[in-house]
Structure formats: C-alpha cells, structure tokens
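Working notes, beginning with the structure itself.
The values are calculated or read from the model by the stated rules, or taken from the named source; none is laboratory data. None of the values given here were measured: they were computed from a predicted structure. Using ideal geometry, Cβ is built from the backbone for each residue, glycine included, and neighbour counts are taken over all protein chains shown.
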Amino acid sequence: MKTLREAVSDYLMMRRGLGFKLRHVEHDLGSFVSFMELEKAPFIRSDLALKWAMAPTDRAASLLGAALKRRARLRTVPERH
C-alpha cells in the first residue's frame with residue numbers, strides 16, 4: 001500500500017500531466033501530509049483533517065477550517081416546518 005505522501009505525489013503528477021500548475025495545492029497537500037505523519041495516522045481520518053484545517057498557522061487551512069465550521073453549524077440548525 002502506498003503512503004499518503006506517495007499518493008499525493010502521484011496525484012500531483014497526474015494532474016500536472018493534464019496541464020494543471022497546482023503550486024498552491026502542492027504546498028497545502030504537503031502541509032496536510034506532514035501533519036498526518038506527525039500524528040502517525042496511517043490513513044485520513046475526518047477528526048484529524050478537521051484539526052489540520054482549523055489550525056491557524058496556514059491561511060489556506062484556516063479558510064478551509066472556517067468553511068467546515070460553517071457547514072457543521074448548518075447541520076446543527078433544526079429544520080423549521
């Protein structure tokens with residue numbers, strides 16, 4: 001089985017082969033992979049993805065975290081009939 005870092009590398013290579021530049025995406029994915037490695041996570045878990053996304057150290061991750069927080073709030077709002 002491939003490591004997460006290998007899978008990301010393959011993904012970026014495939015997307016670049018299709019003509020995408022992906023400079024910012026590469027940085028963000030690399031940051032995420034490094035975080036997952038520090039957490040010693042063998043696979044992606046939603047709790048760790050949220051923890052990474054909500055960390056204030058990286059602007060892109062912070063923006064994703066804010067979007068995820070908004071989405072979580074929307075799920076907790078009861079439906080009105």
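One residue stands out among those in the range 4-52 that are within 19 Å of Leu68 (Cβ to Cβ) and charged (D, E, K, R): the one that is modelled with the lowest pLDDT, which is Asp28. Flag not set for Phe20, criterion: surrounded by 11 or more Cβ atoms within 10 Å (Cβ to Cβ), of a type in the set (Phe, Trp, Tyr) and within 26 Å of Pro56 (Cβ to Cβ). If you go through the range 26-42 and keep only what is part of a helix (DSSP H, G or I) and over 14 Å from the mean Cα position of the chain (by Cα), you end up with just Leu38. Cβ-Cβ below 6 Å, separation at least six or inter-chain, first residue in the range 1-25 and free of Cβ contacts under 8 Å to residues at least 60 places away in the same chain and in a loop (DSSP other than H, G, I, E, B), second surrounded by 11 or more Cβ atoms within 10 Å (Cβ to Cβ) and not aromatic (Phe, Trp, Tyr): which pairs? That search, which allows pairs on different chains as well, returns Leu22/Leu12; Leu22/Arg15.
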